[in-house]
1. At least 2 residues that are among the small types (Gly, Ala, Ser) in each: list the strands (runs of 3 or more DSSP E) lying fully within segment 106-192 that qualify.
2. Pick from Tyr88, Tyr109, Tyr53: which is in the same structural domain as Phe222 (by TED's automatic domain parsing) and either surrounded by 15 or more Cβ atoms within 10 Å (Cβ to Cβ) or basic (Lys, Arg) (or both)?
3. Tell me, yes or no, whether segment 321-331 has at least one residue that is of a type in the set (A, V, I, L, M, F, W, C), part of a strand (DSSP E or B) and within 15 Å of ligand 1 (Cβ to nearest atom).
4. Condition test on Leu192, is it loosely packed, with under 14 Cβ neighbours inside 10 Å and either within 18 Å of Gly91 (Cβ to Cβ) or at pLDDT 90 or above (or both)?
5. Considering each residue of segment 342-362, count those that are away from ligand 5 (no atom under 14 Å from the Cβ) and open to solvent by less than 30 Å² (accessible area, probe 1.4 Å), and give that number.
6. Just to be sure before I move on: is Ala267 at pLDDT below 95, away from ligand 2 (no atom under 16 Å from the Cβ), assigned by TED's automatic domain parsing to the domain that holds Gly252 and surrounded by fewer than 15 Cβ atoms within 10 Å (Cβ to Cβ) in the structure I sent?
Amino acid sequence: MRKYRLEFYCKRALYVLACFIILIYNRVSWAESECDACHAGAKALKMGLEDVYAGIYSYRFRHNNVDRECRRCHVIEEFQIRPESELYFPGNTKEGIFFLTGLSLDKEYELELKLKRTGEGTLYRKVLKFKPSSIVVEKGDDAPPAVKTIRFLGIRKGVIPEGLLYFETDRPVVSVVEFWKDEHYRERVSNLKVFLKEHVVRLSGLKDARGYRYRIITMDVFGNRSVSEGVLFGRKRMIENPRTEVVQKSEGLKEPSVRLFRPSRSADLCLHIRAPEPVMVSVKMREIVEHTEHGYGLQSARYTNIYVCTECHSAGISHPVGVRSTRADVEIPREMPTIEGGVITCTTCHYPHGGNRPYFARFDFDRICNMCHKRLE
Ligand code: HEC
Ligand code: HEC
Ligand code: HEC
Ligand code: HEC
Ligand code: HEC
């Protein structure tokens with residue numbers, strides 16, 4: 001009996017908890033009417049803004065939950081780290097330069113640098129804040145990069161065997177390695193992402209190095225280039241794994257040298273990292289944006305007028321969007337709003353906040369096709 005009663009109380013407690021959570025959740029979603037602090041009533045008009053809410057509540061056809069979903073359609077809620085702003089060294093290495101592209105001169109950025117040894121956690125973490133316009137410009141020399149110590153490490157067995165070619169350069173470079181036996185068919189392996197001094201190149205499909213020639217093309221951050229050619233050693237050597245340096249574990253990592261500069265003749269920045277031992281390096285970067293009443297900013301027009309709509313509605317059944325007119329018989333009249341100077345969106349035909357016609361139609365749907373398609377009957 002006791003046992004049953006206990007179960008009964010537990011269940012009850014769970015129900016109460018669930019109700020509580022639902023209550024809190026609703027409160028949170030209600031909190032979103034904070035947009036009405038400026039976009040509603042007399043206050044909006046005083047600020048020179050439209051009274052969006054007056055519109056929403058007066059429409060004959062309301063868009064489901066529109067007064068609660070303001071943020072979802074309009075506001076960037078969190079920092080968005082672009083995928084291309086996460087950078088890595090390709091393996092354990094001592095020195096390298098990342099090219100930081102696509103930055104705006106006058107914006108502010110934050111960069112998080114992490115150094116690790118294989119099999120251990122982060123040993124070193126540094127956060128840098130910078131404005132590209134205040135980074136020193138560096139004038140390089142005109143000397144071509146020198147390639148030294150070229151070694152064929154051997155062939156690694158596997159489903160697809162690969163030859164491992166190692167080379168060092170006198171400064172960090174990006175590289176393209178070509179290899180061939182038959183002059184008409186050259187294989188290429190490129191590393192164009194990170195500038196490195198030590199390079200391990202995987203020559204995929206190589207079963208036997210005998211008779212192979214190679215060509216190494218390098219370029220440093222100042223645009224200086226060099227080309228070296230040679231023949232791979234004939235001796236066929238089989239290895240299980242590429243050489244890895246054994247490092248004494250659990251010892252602290254000495255301070256690496258970290259430096260930002262801008263090569264002359266380039267709009268992009270360089271992040272130069274020199275560590276006291278071979279390490280894994282990763283870099284994350286983001287723009288510093290202040291959190292305001294519009295979150296981290298307003299969403300792009302494409303997002304608000306197309307992408308968010310298709311998160312809830314199927315785009316397949318509707319008219320093509322995200323396109324411009326490429327045909328003489330399709331002309332978009334001025335009174336139909338487009339984005340990016342002529343791109344059709346969902347809101348070219350529908351009001352987003354609701355409307356007085358069915359489907360929140362901007363224009364009578366009976367004649368809307370002919371407003372753009374001149375020869376459609
Ligand atoms: C503190 C007052 C304030 C609050 C709160 C506020 N806004 Fe605004 N909003 C403004 C002002 C002022 C502008 C016009 C200037 C600008 O673009 O920053 C604006 C502009 C906008 C625009 C662009 C309008 C246009 O014509 O391009 C949108 C969309 C918008 N707000 C949506 C929102 C949403 C959604 C919320 C709630 C999450 C919100 N705002 C909260 C003051 C506010
Ligand atoms: C379903 C997505 C969606 C929701 C939800 C939504 N909006 Fe909009 N809103 C839009 C789109 C799309 C536009 C652009 C319309 C245009 O180009 O005419 C817009 C335009 C605006 C504008 C510019 C002025 C205007 O009326 O054209 C403001 C301000 C605005 N919205 C505020 C809000 C506020 C405040 C809320 C919440 C009460 C809200 N929006 C809810 C999609 C939405
Ligand atoms: C959060 C989800 C959500 C988003 C985002 C959203 N909608 Fe809706 N929309 C709904 C719901 C729910 C309905 C009501 C569905 C119904 O009644 O069949 C609706 C109704 C509509 C209708 C009327 C459909 C009818 O049968 O009367 C149109 C048109 C529409 N939405 C267009 C848009 C456009 C354009 C956007 C982007 C600006 C958008 N919606 C974004 C959820 C959403
Ligand atoms: C060229 C104008 C045009 C564009 C652009 C357009 N629509 Fe429509 N939409 C219409 C018309 C016309 C109807 C009415 C169709 C009918 O009578 O069945 C409609 C109906 C709808 C409906 C209600 C009917 C249904 O099938 O649920 C929704 C929801 C809708 N559109 C969403 C969207 C979304 C989301 C986009 C953008 C991806 C979009 N529309 C782009 C013209 C357009
Ligand atoms: C706002 C202007 C506009 C309206 C309104 C409009 N269209 Fe379109 N439509 C376009 C544009 C722009 C294209 C893309 C044309 C191109 O590829 O150059 C297009 C493409 C199409 C296509 C695809 C044609 C193809 O070859 O890919 C069809 C079908 C179509 N529209 C039918 C309709 C119908 C039916 C209506 C009425 C419900 C309508 N359109 C309303 C502008 C419009």
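1. Working: elements: 109-116, 122-130, 147-156, 162-180.
By residue number, 162-180.
2. On the way: Tyr88 fails: either surrounded by 15 or more Cβ atoms within 10 Å (Cβ to Cβ) or basic (Lys, Arg) (or both); Tyr53 fails: in the same structural domain as Phe222 (by TED's automatic domain parsing).
The unique qualifying residue is Tyr109.
3. Going through segment 321-331, the residues of a type in the set (A, V, I, L, M, F, W, C) turn out to be 321, 323, 328, 330.
Among the residues that remain, those that are also part of a strand (DSSP E or B) are: 330.
Of the ones still in play, those that are also within 15 Å of ligand 1 (Cβ to nearest atom) are none.
So far as segment 321-331 goes, no, none of its residues is of a type in the set (A, V, I, L, M, F, W, C), part of a strand (DSSP E or B) and within 15 Å of ligand 1 (Cβ to nearest atom).
4. Details: loosely packed, with under 14 Cβ neighbours inside 10 Å: yes; either within 18 Å of Gly91 (Cβ to Cβ) or at pLDDT 90 or above (or both): yes.
Yes, satisfied.
5. The total comes to 2.
6. On the way: at pLDDT below 95: yes; away from ligand 2 (no atom under 16 Å from the Cβ): yes; assigned by TED's automatic domain parsing to the domain that holds Gly252: yes; surrounded by fewer than 15 Cβ atoms within 10 Å (Cβ to Cβ): yes.
When the stated conditions are applied, Ala267 passes them.
The values are calculated or read from the model by the stated rules, or taken from the named source; none is laboratory data. None of these values were measured; they are calculated from a predicted model. Heads up, the Cβs are rebuilt from the backbone with ideal geometry, glycines too, and the neighbour counts pull from every protein chain shown. To get the accessible areas, we keep the full protein, side chains included, count just its heavy atoms, and leave off ligands, DNA and RNA. Shrake-Rupley method; radii C 1.70, N 1.55, O 1.52, S 1.80 Å.
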